[in-house]
Structure formats: C-alpha cells, structure tokens
Amino acid sequence: MKKVLFVSLFTAAVMLLLPLSIMKKSIPSILTTAIQNGETGQKEIKNGSTSFKVCNSEDGTVTEIETEDYIFSVVAAEMPALYEEEALKAQAVAAYTFALSRKAENSDKTYDITTDHTVDQSYITEQQARDKWGDNADEYTEKLKKAIEEVSDYVITYDGNVITSVYHAISGGKTEDSKNVWGISLPYLKPVSSEGDKLSSDYKTEVSFTAEEMKEKLSDEFEPSDSDDNYFSDIKRTDSGTVTGIKVCGKEITGARLRSLLGLRSSNFEIKFEDDKYTFTVYGYGHGVGMSQNGANYMAKQGSDFKEILTHYYTGCKIEKLK
C-alpha cells in the first residue's frame with residue numbers, strides 16, 4: 001500500500017463499529033451517480049483492476065491499494081466474518097463489481113472510490129478488522145483471504161456489462177424493486193424472495209415514542225396538533241412491504257423520509273397508536289434492494305454456492321471472470 005496523492009474533498013464521519021454492514025444499511029441509499037445518470041446502471045468493463053485509488057472521507061487523502069487488500073477491507077467491514085464461506089464469496093464479488101463500476105464512473109477524478117459508506121462501500125483496515133475480531137483475528141483473516149482469493153476477478157454482469165451491485169443487511173422477506181426506492185427501474189434489481197431473512201433475530205424490531213416525543217421529532221417539519229389522536233394516515237406500500245408514501249399531519253411524504261426522521265432500521269414498518277404511545281414495528285434492515293447479506297448467509301447454509309446466491313438476488317445476471 002502506497003500513499004500516492006493528496007486531495008481535498010469533504011469531511012464526513014465514517015462509522016467504524018461492528019458490524020458496519022448493519023450500521024451502513026440505515027442509510028436510505030447507497031445508489032451512485034452511475035445509476036442516477038444512466039439508463040441501466042451498467043458499465044462496459046473488459047479488464048479487471050489490480051488496484052484502486054481509495055479516498056479517505058475523513059481527511060481527503062487518496063491511497064492506492066491493491067485489489068485483494070481493498071476487497072478484504074470492504075468484506076471485513078460489510079459482512080460478519082462468522083458468515084458462511086459462500087456468503088463471504090458472494091459479498092466479495094458484489095464488492096468488487098461495485099468498485100469497478102465506481103472506478104469507471106470516476107474516471108475523470110483523482111480517485112476511484114471513497115470510504116464514505118453513504119456513497120460507496122464501508123471500509124476498515126486489516127488492523128482495524130483484527131482489533132475488532134480479537135481472539136478470532138487469525139482465523140477470520142485467513143477465512144476472508146481464502147474466500148476472496150477463490151473468487152478473484154469474478155464479476156456480476158447483465159447483458160455483458162458490469163452492474164452497480166447494491167446490497168443491504170436484511171430484507172423484509174422479499175427484496176425491493178430499485179424503482180420503488182430510488183425512482184429508477186433497473187432490470188437486475190427486481191424483487192425476489194428472501195424468506196431466510198425472517199429467521200434472523202434482527203428481522204423484526206420495535207421502537208416506541210410517547211406522544212410528546214413524537215410531537216418534538218415532527219415539529220421542525222410539520223405542524224402536529226395536541227388535539228390529534230394520530231399524526232399518521234394513508235400508508236402506501238409495495239408488495240415487498242416498503243412504505244412509499246404516508247401522510248404525516250396531513251402532509252404526504254415518503255416512507256424513506258419518515259425513516260430518516262425517526263431513525264428507523266428500514267422503510268418497511270407498521271405503526272400502532274395506543275395509550276398515548278406510537279409503536280413502530282420495523283421489518284428488515286436497510287434499503288432492501290439487491291443482495292440481502294443475511295439472506296446470502298441463509299442460502300449458503302442451505303448449500304447454495306456464491307454464483308447461485310448472486311444470480312438469485314441480481315435478476316438475469318451472470319457471474320463470470322473478466323478476461
């Protein structure tokens with residue numbers, strides 16, 4: 001690893017706690033400009049990458065990192081090392097594919113990809129990973145490096161081009177259509193079953209707010225009235241469960257916006273108002289688009305290999321090695 005360039009960009013806090021994959025997925029979108037500006041979010045890439053120029057979001061420094069080391073740092077940050085080996089392989093391929101897409105998108109910049117998890121992928125150094133794993137550091141380091149080596153140069157493609165391979169922690173039992181989350185329909189980011197997610201201990205969570213707490217959280221953007229029994233009405237949701245629209249104090253907003261205001265784990269939620277208290281039952285964790293990391297681990301436990309996992313979650317895609 002060699003530091004090759006310094007550039008001033010922006011300051012952003014990068015969360016470096018375990019598991020980062022879980023924390024990251026509280027962000028409403030890791031959709032990139034590659035998707036926002038393109039019709040398919042695909043990149044024509046014929047050759048792989050031996051290294052990536054990674055911009056540290058905290059200080060703006062850019063460091064050139066060998067590909068295997070970069071993917072290790074992403075997988076270590078994104079997925080618990082205790083997950084099945086085939087799930088780790090699937091994560092490694094998704095991370096590499098995403099990085100290649102971003103590198104192509106950023107061809108006019110001094111960096112290929114950032115450590116800003118709200119834009120790109122989470123990232124921790126090998127030493128930070130070892131510190132996190134403690135007594136299991138040697139075992140997990142060897143496990144991840146072996147998995148990454150075995151899928152070296154594999155990418156996810158659609159119609160012959162590398163995709164923007166977004167992923168999340170836990171779905172609500174069925175993944176979501178990218179159009180319902182970001183307003184852009186992509187042929188490989190369609191809803192698929194992920195029933196294994198319902199078996200996760202983190203699948204369903206509850207959070208409650210008193211009426212006074214809720215009024216305070218909403219007061220900056222809405223006009224809650226003391227006479228109202230319930231501030232929420234007219235919930236609209238997709239077949240996968242994501243709340244796409246909800247009226248708050250008579251004003252319609254997206255479920256993603258309410259999720260952000262209240263710090264919910266996903267936009268798939270139900271609301272109950274009882275005894276002067278609002279209780280939100282939340283399903284899954286993250287935006288719900290693309291591969292479910294927990295679902296990938298469940299599939300691996302059932303005997304699926306990394307190719308079967310990836311082609312399940314990325315509709316119509318192929319897993320192939322770059323020439």
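Every read-out reported here was derived from the displayed coordinates using simple, explicitly stated rules and does not represent laboratory data. Remember, it's a predicted structure, so these values are computed and weren't measured experimentally. We place every Cβ from the backbone using ideal geometry, glycine too, and count neighbours over all the protein chains shown.
Counting pairs of Cα atoms in segment 73-141, how many percent are more than 15 Å apart?
Roughly 57 percent, once rounded to a whole number.
Using label points projected 7 Å from each Cα along Cα→Cβ, tell me how many nm separate Q302 and K109, to one decimal.
My value for the distance between the label points is 3.7 nm.
What is the mean projected area of the alpha carbon convex hull for segment 276-323, to one decimal in square nanometres?
5.1
Quick one: Karplus J couplings for segment 187-196, per residue in order, coefficients 6.51, -1.76, 1.60, θ = phi - 60°, nearest Hz, x for Gly and Pro?
With the stated coefficients, segment 187-196 comes to x, 9, 10, 10, x, 9, 5, 9, 4, x Hz.
Starting from one equal scatterer on each C-alpha and no solvent at all, send me the Debye-based log10 I(q)/I(0) for segment 138-198 at q = 0.20 Å⁻¹, two decimals.
Log10 I(q)/I(0), no solvent term: -0.94.
What is the local net charge at A92, summed over the other residues whose Cβ is closer than 12 Å to its Cβ (Lys, Arg +1; Asp, Glu -1)?
That works out to -3.
When the Debye formula is applied to the Cα atoms of segment 172-235, each taken as the same point scatterer, what base-10 log of I(q)/I(0) results at q = 0.19, 0.25 Å⁻¹?
Reported log10 I(q)/I(0), two decimals: -0.88, -0.98.
Along the Cα→Cβ direction, 7 angstrom out, place labels at F222 and E206. What is the inter-label distance in nm?
Those two pseudo-labels are separated by 2.1 nm.
Could you give me the radius of gyration and the Dmax of segment 204-283, taking only the C-alpha atoms into account and expressing both in angstrom?
Taking only Cα atoms of segment 204-283, I get Rg and Dmax of 11.7, 34 Å.
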